[in-house]
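Throughout, read-outs are computed from the coordinates displayed, never taken from laboratory work. Not measured: the values here are computed from a predicted model. Every residue, glycine among them, receives a Cβ derived from its backbone with ideal geometry; neighbour counts consider all protein chains shown.
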Amino acid sequence: MAAHNRTADAFVSNRIYAHIVGWGMAVPDRVLSNNDLAAIVETSDEWIVTRTGIHERRIAGETESTATLGLKAAQRALEVAEILPIELDMVIVATSTPEYIFPSTASLIQDWLGAAKAGAFDLSAACSGFVYAVNFAAQAIRSGSIETALVIGSETMSRVLDWQDRGTCILFGDGAGAVVLKASDVEGGVLSSVLRSDGSGWDLLTIPTVGSQDAELPGADSVQQKMGKMYMNGGEVFKFATRVIGESIQQALAQAGLTINDVKLIIPHQANARIIQSAARALKVEPELFMSNLERYGNTSAASIPIALCEAVEMGKIKQDDHIVFVGFGGGLSWGAMVVRWGRPESVERRALYRQRQQFSYFLAHWRRRLVRVSRRFNETLGRIRPEQGRIRRLRRKVERQPLD
Ligand code: UT7
């Protein structure tokens, strides 16, 4: 069925819903414990555990990067969704540690997957990035302009940490999580979202990059900036986070016509166990309502919510028709909360030979990439040879026209 006819009809009757139909995660094997950190900076396991709740985090190996971790998470999410890369309309990567400023990390993953019909872009909203990205994918699906989207949160925070700054290097880790969203006539999926920003707090959490030195932003002198390294005013970010979590959750719930009593699980950005406890107090709920896995991964920025989502599903914490909430907060300052009614719509059909077709599409993507790159290089070389040949031809004609002595 032509996607656009189907979605256009449903859009007229306002019945398109954006469901999360696939999820996947990938973390590096290398574990960095608090005791390992105590050998690098002046800190201790006891301080880190009591102040943050973190016991260990994962650190990317030499051959791992934001794109390779994101790719693995994406492949797993597509497998759960039983969707082939060619069916994707959009790939969004939420990240603060992209491979390049451009091209987007999303474009690299789009190519590696062989998602030849998809648009791709990176989204920069720091630790709120995943909530922002899911919101925009869901909006595009609900508007009828696309049918299927892949949203990835992927980070290699270890590459932007100042390993002499004990206020930040003990908090962060590397990893990736991904979800696949799909249009459906079945009610549910992403029900509401609240996205906010307060750029007046830009200097509380930053990674200076090309151009930062030239910017004349208010307060720029006060920031102890190191090019390409993260700076954080932990205390101020802590206060901001505890204020906005409860507030934005309540706003997103009100928008969905729900209350906190309807919520089965809140999946917050995994920043600090004390932030989660304080948000639970503000909302007058048990801390157990919040999913927490930061003791094993630390803060993986835009990847922390999708990683926690995958583990919550694996642990059986989320069931069909449960209302769950995502809440993210961080650099910008930015924050966002989102209410989702969980459940794969019945129309998601099981596909014969899905795994084989998925593997074949990666094989095709690999050879397509090689062929396109070779033919591009060939055309480039031709482009250089042709003007040279023209010059030789013109010279020859000139010589031929010369009268013989
Ligand atoms: O993902 C984006 C969002 N980010 C966040 O949400 C992070 C929010 N902030 C935090 O999680 C906390 O502010 C931190 C964990 C970063 C810091 O915890 P804190 O309880 O706010 O500690 P602090 O910065 O107020 O420092 C308290 C003391 C200080 O010593 P004095 O001045 O009291 O003698 C620090 O120098 O702890 C010291 N300290 C440390 N000691 C051992 C700071 N970092 C460390 C450390 N190990 N790693």
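General remarks:
- At full extension, Glu286 and Ala39 could sit 85.3 nm farther apart than now, given 0.36 nm per residue minus the alpha carbon distance.
- Relative packing of peptides 367-374, 353-360, 46-53, 116-123 - highest average C-beta neighbours within 10 Å first: 116-123, 46-53, 353-360, 367-374
- Distance (nanometres) between label positions extended 7 Å along Cα→Cβ at Asn261 and Arg393: 8.4 nm
- Here Ser124 and Thr50 are evaluated by their C-beta separation; at R0 = 35 Å the FRET efficiency comes out at 0.60.
- The coefficient of translational diffusion for the chain, derived via Stokes-Einstein from the alpha carbon Kirkwood radius under 10 °C and 1.306 mPa s, stands at 70 µm²/s.
- Working note: 222 nm ellipticity from helices only, DSSP H runs with n ≥ 4, each -39,500 (n - 2.57), summed and divided by the residues of the chain, gives -13000 deg cm²/dmol to the nearest 500.
- Sequence ranges 325-335, 159-169, ranked by mean other-Cβ count within 10 angstrom, highest first: 325-335, 159-169
- Using 0.36 nm per residue and subtracting the Cα-Cα separation, the extra length available between Arg369 and Phe238 on full extension is 42.7 nm.
- Alpha-carbon centroid distance for the pair the range 290-330 / the range 351-375, whole angstrom: 32 Å
- Antiparallel bridges, percent of DSSP beta bridges restricted to the chain (to nearest 5): 70 percent
- Table column - 3J(HN,Hα) (Hz), the range 20-35, Karplus curve with 6.51, -1.76, 1.60, x for Gly and Pro: 7, 10, x, 8, x, 9, 8, 10, x, 6, 5, 9, 10, 8, 4, 5
- Cα centroid of the range 20-51 to Cα centroid of the range 123-187, whole Å: 20 Å
- Cβ crowding within 10 Å ranks His269, His19, His55 as His55, His19, His269, fewest other Cβ atoms first.
- Cross-link pairs beyond the 24 Å C-alpha cut-off, checked among Lys72/Lys226; Lys239/Lys319; Lys284/Lys317; Lys182/Lys319; Lys182/Lys264: Lys72/Lys226; Lys239/Lys319
- Value in Å of the Kirkwood radius, where the range 52-129 supplies the Cα pairs that are averaged: 13.5 Å
- Residues in the range 249-263 carry Karplus couplings, in order, of 5, 4, 5, 5, 5, 4, 4, 8, x, 10, 10, 4, 5, 7, 8 Hz; the curve used is 6.51 cos²θ - 1.76 cosθ + 1.60 with θ = phi - 60°, and Gly or Pro positions show x.
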